[in-house]
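The values are calculated or read from the model by the stated rules, or taken from the named source; none is laboratory data. Small disclaimer: the values here were computed from a predicted structure and weren't measured. Every residue, glycine as well, gets a Cβ built from its backbone with ideal geometry; the counts of neighbours run over all protein chains shown.
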Amino acid sequence: MESDKPVRRQHARLTFTQAVSGAVTASHDVHVLDISQEGARIEHTILLRPGGTCYLRLPLDQHVITANCRVVWSQAVGRAPHEQLGANLLYHSGLEFGTLTRDMRTVLEGYLQARGV
């Protein structure tokens, strides 16, 4: 049975009179082309703007690290295959890792060292 009383919110809301910019991080598939201790080069079908930020999820053997990254550069390199979703363009972007935890840095360094980097 529904009540006629309005539902009260737990916290007050502020309504803006003009639009305010925000960001939502969504999950998109990328191909990691190369990585170093400082960053990665990725291939993707979504637009990433230089100076912007994103999260990169890296599966490294038995570990997965998620790094907050800064987009250093991004360039359209061709047309995306038809089965890929996106803007019909294929991009390469250079990402710089933000601050990694000690554990994440240890996993990354171990992964690179095991491959002779």
Inset, instruction - Identify, by number, the condition in (1) closer than 23 Å to Arg115 by Cα; (2) polar (S, T, N, Q); (3) in contact (Cβ under 8 Å) with a residue 24 or more places away in the chain that Gln62 doesn't meet. - result: (3)
Legend entry - Residues satisfying the stated conditions in segment 46-99, i.e. surrounded by 11 or more Cβ atoms within 10 Å (Cβ to Cβ), modelled with pLDDT of 90 or more and on the phi > 0 side of the Ramachandran plot: none
